[in-house]
Amino acid sequence: MSGSGPKAYGYIAEGDKDALAKRMHRIEGQVRGIEKMIADDRYCVDILTQIAAIGTALEAVAFKILADHVAHCVAGALASGDEALAAEKSRELLEAVRRFARTR
């Protein structure tokens, strides 16, 4: 966790950064698709179905990042023996879960 270089977060350390970027690009394409569906006066239920699919895709990305945060950042802080760092990462985790739960 310490060092002179930039911090390496879980999704970077595991080599998942490119996979997450690809997932986000697909989601971006889905959003553009919905914009086109609206412009083309597509059926409302079809648009709502695509919006739900985007929500599910974003949720999958969020769960992946949350899991990486727990496995890398929080676990590393707990293993470090630094009580202040462990408390900070635990607070951050709880706040992230609260924010994520509010969107449900």
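Quick check on Val97: is it among the aliphatic types (A, V, I, L, M) and farther than 26 Å from Gly29 by Cβ? Spell out the reasoning first.
Numbers: among the aliphatic types (A, V, I, L, M): yes; farther than 26 Å from Gly29 by Cβ: yes.
The answer is yes for Val97.
Here Thr56 fits the description: within 13 Å of the chain's Cα centre (by Cα), surrounded by fewer than 14 Cβ atoms within 10 Å (Cβ to Cβ) and over 17 Å from Tyr9 (Cβ atoms). Within segment 25-67, restricting attention to residues that are at pLDDT below 95 and either of a type in the set (Lys, Arg) or in contact with a Lys or Arg (Cβ under 7 Å, 6 or more places away or on another chain) (or both), the residue that is nearest to Glu92 (Cα to Cα) is Lys64.
Scanning segment 39-94 for residues that are in contact (Cβ under 8 Å) with a residue 12 or more places away in the chain, under 20 Å from Glu28 (Cα atoms) and either in contact with a Cys (Cβ under 7 Å, 6 or more places away or on another chain) or among the small types (Gly, Ala, Ser) (or both) yields Ala53, Ala57, Ala60, Ala62.
The values are calculated or read from the model by the stated rules, or taken from the named source; none is laboratory data. For clarity, every value in this text was computed on a predicted model and none was experimentally measured. Quick reminder, even Gly has a Cβ in these numbers, built from the backbone with ideal geometry, and neighbours come from all protein chains shown.
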